[in-house]
Each structure stands twice: as C-alpha cells, then as structure tokens.
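Novice: Before anything else, here's the structure in question.
The values are calculated or read from the model by the stated rules, or taken from the named source; none is laboratory data. Here the structure is a predicted model, which is why all the values come from computation and not from measurement. Here the Cβ is made from the backbone with ideal geometry for all residues, glycine too, and neighbour counts use every protein chain on show. Just so you know, the surface numbers come from the protein's heavy atoms only, side chains and all, with ligands and any DNA or RNA stripped out. Shrake-Rupley method; radii C 1.70, N 1.55, O 1.52, S 1.80 Å.
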Amino acid sequence: MMTRLSGKLMLLLVALFVTVAVWPQAMVLRGTVTDASTGRPVVGASVAWGSVSVVTNDDGFFTLKNDVAGEPAVVSHVGYKSQRISAPAQNLRIQLHTTMIQLQEVLVMADNAREIVMAAIRKIPQNYSRQPELFSCFYRETTMKRQHYISVAEGVVDMYKTGYTHGTGRDAVAIRKGRRLLSPRKGDTLSVKVTGGPVAPLMLDLVKNTELLLNKKELDNYELTMEMPTTIAERSQYVVSIRPRCEQPYALYYGQLYIDQETLAFTRAELTLDMSDRQKATAMMLVRKPVGVRFRPKELSCLIDYRYDEGVTRISYVRTTFRFNCDWKRKLFSTSFAAFCEMAVTGTSGTSGKPGLSGPSGISGKSSFDQRDAFFDKVDFFRDPAFWEDYNIIEPSERLDKAIDKLIKKFPTINDKQ
C-alpha cells in the first residue's frame, strides 16, 4: 500500500517539476522610436505585440513583455506609417516615416464636418464592443513643483467596462499592485486635489460617456471644421477641429477629433479646456484646496486614444495634463505646479478567472476604486527594484527615473514608512 502511494506521490512530484520547467518565460521587446526625418523621440507611439501593448515614454523608449512568440510587433502613431518588427528583440532603434495624404481628400469633405461627426456617433454601437470586457492597464500620476518632481504614484490596475450600448455607471477600476514616492520637504507639501485619478479614463472615454461631448445638444456649442486628413496605423482618418461658438455656464473645449474614414469610428481625441474664464476653468479642474490658498488654472488637456483590432475599436490610452499656480494670501509670489495622469491598456483579460473580481460589474465593490479616493493613499512605498516582475508598464523617462532615484536616496527612511 505504501509503495503504491509512494509511486503516485513520485509521479505527482515529477509532474509538478515538469510543469515548472516548461512554464513560459516572458520574452522582451525593447527599443526607442524616433522620427525618421528629425531624429526626435516619438512620444506616445503604440507598440502592439499580439494581445499586449504599451506606449512609448517621453524619450520614445518602450519595453514590452509577452509569453507568446511567433507574431511580429506593430509600431504606430498618428501621422506615421506603421512599422512591423520581429519580436522578441533588444535595443531596437525604430524610425517612423510620416504619411503623405493627397489634398483632394480634404476638398471632397470640406463642408461636412458636422455630418461626419453625427454619422460616427450613430455608428458607435457597431464600432465598439457590445460585450463587457476586463482590461489590464498601467497607471501613473506625477506632480511637479516648478521643474522638480515632488510625487510619483503608479500601479497595475484592472479596468472593467460594460458594452458600449450602456453608460459608464457600472464601469469600474481596481488596483492590482501599486507603489508611491513623495518628497517630505515641508515646502513641497500641497493639499490641493484636482480632478483625475484611475477613474478618469472611465469618464474621459467620450465615446462611451457621450454626455461629455458627443451628443447633438453639446455639439451645438461648437464650431466644427474639417482639417487635413491623416493616418493612424495605416488607416485613413478624418480630422475635425472643434472650438467654442457660444457661452455656457461651464467651460468648453478646443480640440480635434479623429474618425476612421472606413468605419467612421472615433479613434483619437485631443481636447484642451478653454481658460478664458478662470472661474469656470477652476470649477472643472479643482476638487479641493486648503483655506487661504488661491488656485489659478493654467491648462487642462486630455488625450484619448483608441485602437482598432479585428473589426472592434477599443480604448487604449488616456493622458491628462494639469497646470496651475498656487499662492498664499500673505505671500507675494505664486508657485507653479503640474500634474500628469496617464493610463495605458496593456492587455485584455476577459471577465472570468481573475482573483478578486466578482459580481455583475466584474470588479467587487470592496476592490473598486472610488472617484473620491486618492490613488496615492491606496498604494505602498517605492523601494522594491523587482516590483513590476512581468507586468507591462510605461517606462519612466530618463528625467523621471533620475528624479525617483534622487528622492529615494535623499529620503530613504521616510519613503519606507509611507
């Protein structure tokens, strides 16, 4: 009896060892993307490799990890020809060439900007997923005082989205893993909270949250104009600019909408808040501030990118930029601050088999991130060098990397206790 059991145990152990031995190791694709004409970094270029993707940082650099071989990666950005590259590979220097668009394409559609936008709105149910989906994402938020970083928080998050025939009410975000770093200098402390955080990509998905802009009533506040067409990932795009044409009790936007010429799917939006009325702009940007601090808004801009994949367009990248000055009533000079939030979709996970995810929304209420929460308060300190393991992230730029090292070395004990 014991011999038979021992034999079964040995077989089980052998099976476990074999399983461990053949477990797929992450393969890495790494490189820098630049403009072929100028040599400048291409910031925010999409790098897609099978079912995973990431974007380039401010230096044009990226790292992408995958456990499935056999597919080339595709590098793309608005206005450039896409480039396929063999993967995995290291230390790549990828040069993207601009795409030439024939002028007659502009002349045909010159007076139809509003009709194109309204047609694209009607096609939202056909162009975007009708099924709930769970996305793996990387999120980072940074704050700068003048030219120096004073805080960094970043993490891997799950983002659940219902079908695009529904609103955003049941969409949710949950933090899977995160870390933070804060300058402990008393003069760097700023208890000002602006809109944003991990829930911002849910609200800024203007194709799903059509109340933001893409509805007839709201579009009546804008003048729409056709601009020169361009390409994204080898697909021709209409470009429609928007600008306020009337006054409203709230601030409006300037910007551009990109629409796929074949599918009429919205593929990109670049929006900048109108700052001509400081009070309206403050109402859109500011959540809270200490008594006695004067908040002076300078910029709120948003970039929302979508990715076309096998007949379905999905959100892929969201970035918001806040710039503002703060001064205290008893002080003569004001201080400039900037805050940046970005979230990149790195993969689609589905809605089953994920630990901590349950219920009709796909993310349990306990783990769901609330709009009132501060991401910085939900994550741990910054010191583990192997923190990200095989997760895909937006690589920190060289400047941000140096700032992180400087803060860790200068204030190691304080940041360990955060």
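Novice: Among (1) loosely packed, with under 15 Cβ neighbours inside 10 Å; (2) of a type outside the set (Ser, Thr, Tyr); (3) farther than 18 Å from Ser316 by Cα, where does Glu234 come up short?
Specialist: With (1) loosely packed, with under 15 Cβ neighbours inside 10 Å; (2) of a type outside the set (Ser, Thr, Tyr); (3) farther than 18 Å from Ser316 by Cα applied to Glu234, the lone miss is (3).
Novice: Go through (1) β-branched (Val, Ile, Thr); (2) modelled with pLDDT of 65 or more; (3) not in a loop (DSSP other than H, G, I, E, B) and name the single condition Ile394 misses.
Specialist: Checking Ile394 against (1) β-branched (Val, Ile, Thr); (2) modelled with pLDDT of 65 or more; (3) not in a loop (DSSP other than H, G, I, E, B), the one that fails is (3).
Novice: Sticking with this structure for a sec: Could you please find all residues in the stretch 207-240 being within 23 Å of the chain's Cα centre (by Cα), assigned to a strand (DSSP E or B) and without any contact (Cβ under 8 Å) to a residue 60 or more places away in the chain?
Specialist: Answer for the stretch 207-240, where residues must be within 23 Å of the chain's Cα centre (by Cα), assigned to a strand (DSSP E or B) and without any contact (Cβ under 8 Å) to a residue 60 or more places away in the chain: just Val239.
Novice: Under 6 Å by Cβ, and 6 or more places apart or on different chains, what pairs join a residue from the stretch 382-398 that is over 20 Å from Gly347 (Cβ atoms) with one that is of a type in the set (S, T, N, Q) and assigned to a loop (DSSP other than H, G, I, E, B)?
Specialist: Close Cβ pairs (under 6 Å, with a partner that is of a type in the set (S, T, N, Q) and assigned to a loop (DSSP other than H, G, I, E, B)) amount to Ser397/Asn57.
Novice: Could you list, in sequence order, all residues of the stretch 181-214 that are more than 20 Å from Met159 (Cα to Cα), open to solvent by 20 Å² or more (accessible area, probe 1.4 Å) and at pLDDT below 90?
Specialist: Selection gives Leu182, Pro184, Arg185, Lys186, Gly187, Asp188, Thr189, Leu190, Ser191, Val192, Lys193, Val194.
Novice: Restrict the check to the stretch 234-241 and report whether at least one residue is closer than 30 Å to Arg372 by Cα and of a type outside the set (Ser, Thr, Tyr). Spell out how you get there, then give the answer.
Specialist: Residues of the stretch 234-241 that are closer than 30 Å to Arg372 by Cα, as a first pass: none.
The answer is no; no qualifying residue exists.
Novice: Checking Leu204 against (1) in contact (Cβ under 8 Å) with a residue 60 or more places away in the chain; (2) under 22 Å from Leu400 (Cα atoms); (3) of a type outside the set (Phe, Trp, Tyr), only one condition comes out false. Which one?
Specialist: Going through (1) in contact (Cβ under 8 Å) with a residue 60 or more places away in the chain; (2) under 22 Å from Leu400 (Cα atoms); (3) of a type outside the set (Phe, Trp, Tyr) one by one, Leu204 breaks only (2).
Novice: Sticking with this one: Can you run down the residue pairs with Cβ atoms below 8 Å, 6 or more apart or on separate chains, where the first is in the stretch 68-94 and in a loop (DSSP other than H, G, I, E, B) and the partner is basic (Lys, Arg)?
Specialist: These pairs meet every condition: Pro72/Arg84; Val78/Arg268.
One line per residue, one yes/no per condition, for (1) of a type in the set (Asp, Glu); (2) closer than 30 Å to Ala48 by Cα; (3) touching a helix residue (DSSP H, G or I) at 6+ places or on another chain (Cβ under 9 Å):
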residue: Gln248; (1), (2), (3): no, no, yes
residue: Asp260; (1), (2), (3): yes, yes, yes
residue: Thr272; (1), (2), (3): no, yes, no
residue: Gly292; (1), (2), (3): no, no, no
residue: Asp305; (1), (2), (3): yes, yes, no
residue: Val318; (1), (2), (3): no, yes, yes
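Novice: Right, here's the next one. Keeping to the stretch 336-390, report how many residues are of a type in the set (A, V, I, L, M, F, W, C), modelled with pLDDT under 75 and either under 19 Å from the mean Cα position of the chain (by Cα) or outside any loop (DSSP other than H, G, I, E, B) (or both).
Specialist: 0
Novice: Let me ask something else. For the stretch 257-328, give me every one of the strands (runs of 3 or more DSSP E) that falls completely inside it and has 3 or more residues that are touching an Asp or Glu at 6+ places or on another chain (Cβ under 8 Å) and within 30 Å of Gly163 (Cβ to Cβ).
Specialist: Working: elements: 266-273, 286-288, 293-309, 312-328.
Strands (runs of 3 or more DSSP E) meeting the threshold: 266-273, 293-309, 312-328.
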